[in-house]
Amino acid sequence: MSGDLYGIVSDIHGNAEAFAAALAAMKELGVTKICCLGDIVGYGASPVECVQVARDHCQFIIRGNHDSQVLPPRHPDMRAEALAALEYAGKVLSPADIEWLKNLPTLLTPDEMFIICHGALTDPDDYILTTEAALTNLNLLERRNDGKNLCFFGHTHLPMAITRHGAKTNLTAGGKIIIDPTKSYLINPGSVGQPRDKSPLASLVTYSPFDGSVTWHRLNYDTRAAQEKMKEADLPKWLWQRLSLGK
Ligand SMILES: [Fe+2]
């Protein structure tokens, strides 16, 4: 069994200030490998920097729905604010970066103990927000029959731990669970760059396969600097306002 301490980050969304805070915290915590669950770009003003940092520091990277839609075709239901931010990302990212984002994998097995995806095992764009979606994905995880009973996912921007017995959602700083190897888990680290659980603090988890502990960490970062960059980039007002609100 791996002696690594994993840092699991998701939904960076072009927020270089939050990403820098997450990296500093993971270094301090003794993280040895970093998994990124996708949506490196979109919404924020620093897609170029975030792509570079992800490449330089994350050992395992999954493609998110924003990463694959920097250039059209895009999902017809995508909101105007999201579209505006992707148009911006499309202008500042190099063709090579856009291609790199588009070709990232949608599922990875970083360790014998767990797998990672963006939205869900059913589809990278699906949201695990209902009991039905949770059960469908737990069934899929168990049917893989490879001994892995733990899947980290992102996309909803909501810190969460789901088992067949229900979901634990009040996972603020220091929230911790110990993985029971006889049960299956779907775990969301929350979002680094655009938290939506009414806290503006960047969110991530650390996971130790050795003792089975998953711990949530919440981080202050220079929110104002991220917002100023978004204003300068002429991104929609709601996108920078929501960073202060955590929604
Ligand atoms: Fe996202």
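So the values come out like this:
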read-out: Solitary cysteines of the chain, where the nearest other Cys Cβ is not under 4.7 Å; value: Cys35, Cys50, Cys117, Cys151
read-out: Residue-averaged [θ]222 nm for the chain, counting only DSSP H segments that reach four residues, each worth -39500 (n - 2.57); value: -9500 deg cm²/dmol
read-out: Beta bridges per DSSP with both ends in the chain, % antiparallel, nearest 5; value: 65 percent
read-out: Share antiparallel - DSSP beta bridges, the stretch 143-195, percent rounded to 5; value: 65 percent
read-out: 5 Å-binned pair-distance histogram of the stretch 66-128 (Cα, whole percent); value: 4, 16, 21, 21, 20, 11, 5, 3, 0
read-out: Area of Trp238 that stays accessible when all protein chains are in place (1.4 Å probe, Å², to 10); value: 80 Å²
read-out: Gain on full stretching of the segment that runs from Asn145 to Val48 - 0.36 nm per residue minus C-alpha separation; value: 31.1 nm
read-out: Computed log₁₀ I(q)/I(0) - Debye formula, equal Cα scatterers, no solvent, the chain, q 0.10, 0.12, 0.14 Å⁻¹; value: -0.42, -0.61, -0.84
read-out: Accessible surface, the stretch 111-204, averaged per residue in Å² (probe 1.4 Å); value: 44 Å²
read-out: Burial ranking of peptide ranges 41-49, 178-186 (average Cβ count within 10 Å, highest at the top); value: 41-49, 178-186
read-out: Segment Glu132-Asn103, extension gain: residue separation times 0.36 nm, minus the distance between their alpha carbons; value: 7.4 nm
read-out: Exceeding the 24 Å Cα-Cα cut-off - candidates Lys33/Lys237; Lys168/Lys247; Lys168/Lys198; Lys91/Lys231; value: Lys33/Lys237
read-out: Candidate residues Asp39, Asp4: accessible-area rank, largest first, probe 1.4 Å; value: Asp4, Asp39
read-out: Share of carbon and sulfur in the accessible heavy-atom surface of the stretch 149-247 [1.4 Å probe, %]; value: 51 percent
read-out: Nearest-10 value in Å² for the accessible area of Arg242, using the 1.4 Å probe; value: 30 Å²
read-out: DSSP beta bridge pairing in the stretch 162-234, given as percent antiparallel to the nearest 5; value: 100 percent
read-out: Gyration tensor verdict on the stretch 30-141 (Cα atoms; rounded if a/c is under 1.5, prolate if a/b is larger than b/c, oblate otherwise); value: oblate
read-out: Order by protection proxy (mean Cβ within 10 Å, highest first), peptides 13-19, 62-68, 167-173; value: 13-19, 62-68, 167-173
read-out: Rounded to whole Å, sorted largest first: equivalent-ellipsoid semi-axes of the stretch 11-59, Cα gyration tensor; value: 18, 11, 8
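The values are calculated or read from the model by the stated rules, or taken from the named source; none is laboratory data. Just so it is clear, the structure is predicted and the values come from calculations on it, not from any experiment. Cβ sites come from the backbone with ideal geometry, for glycine too, and all protein chains shown count toward neighbours. Accessible surface areas use protein heavy atoms only, side chains included; no ligands, DNA or RNA. Shrake-Rupley method; radii C 1.70, N 1.55, O 1.52, S 1.80 Å.
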